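This report refers to the structure that appears directly beneath it.
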């Protein structure tokens, strides 16, 4: 029940309360009863909030049992440990556990040391970038199965033509998924240009894109890696693509019942995007038409 309520709470703003409840098969009366109970419980024990936060900060390794003892002996509140467990579970007083950050890789340290020079597109006139010279990529989350499931999409997007030569859809945003997208793009680009030598691939400093698997694979293909230093603000073309793609295909994505169906939907819509959809920034022509004209003129 807790999991269903949490799922509805996380999706109701985007999809509405009714569709969210139907997606997890939760009665509206149960939802209202549970949320009212949650609020009353949190309000009843609101006086414990400051003390429990202080305990979590001083002793991040404590679970609810030891937190209850500390609450009694140090702060003077004699509360059943089940109450502490419930408050942690509700999320109003989250247990602040210490997370050890991994040591940055040599690649990440080199990128950080390069500073602004790591962004190869900074200061470059975008209008002077030719077809299939600069590509953008990133992960974005897709909510499907009427809001009950989530997956990740990673496309490879050309700057000048808006063409997507490759993409991948999967359950996790990891190196394997990123390399699947790149492999698909390589196969397509092999038919359009002699080599990938010198192409720029721009993305953020996500661990996947600063990892050895991704970096080694692209460098061995002759690509040059460019890193956004300010997250999405340094990769607006990719964010714009994600915004259009998810808005235009929202109902089709939501209707997909499985990851296999979702992948088929994305494949069909990217084919449409590449071959049929007219782009105002391209003079109301599809990306593939721009590429064909470019190579015909060349």
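We did not get these values from a lab; they are worked out from the coordinates using the rules stated. The structure displayed is predicted, hence computed values, not measured ones. All Cβ positions, even for glycine, are placed from backbone atoms using ideal geometry, and neighbour counts span all protein chains on display.
When each of 129, 55 is scored by the number of other beta-carbon atoms lying within 10 Å, the sequence from fewest to most is 129, 55.
Computed from the C-beta positions of residue 255 and residue 17 and an R0 of 22 Å, the FRET efficiency is 0.65 to the nearest 0.05. Between the alpha-carbon centres of region 258-284 and region 175-192 there is a gap of 17 Å.
Length available on full extension from residue 244 to residue 281: 0.36 nm per residue minus the Cα-Cα distance, which gives 12.0 nm. Note on residue 66/residue 150: beta-carbon distance plugged into 1/(1 + (r/R0)^6) with R0 of 30 Å gives a FRET efficiency of 0.30.
Restricting the calculation to alpha carbons of region 99-172 gives Rg and Dmax of 16.9, 45 angstrom. The ranking of 290, 154 from fewest to most other beta carbons within 10 Å of each one's beta carbon is 290, 154. From least to most packed, judged by other beta carbons within 10 angstrom and beginning with the fewest, 205, 66 follow the order 66, 205.
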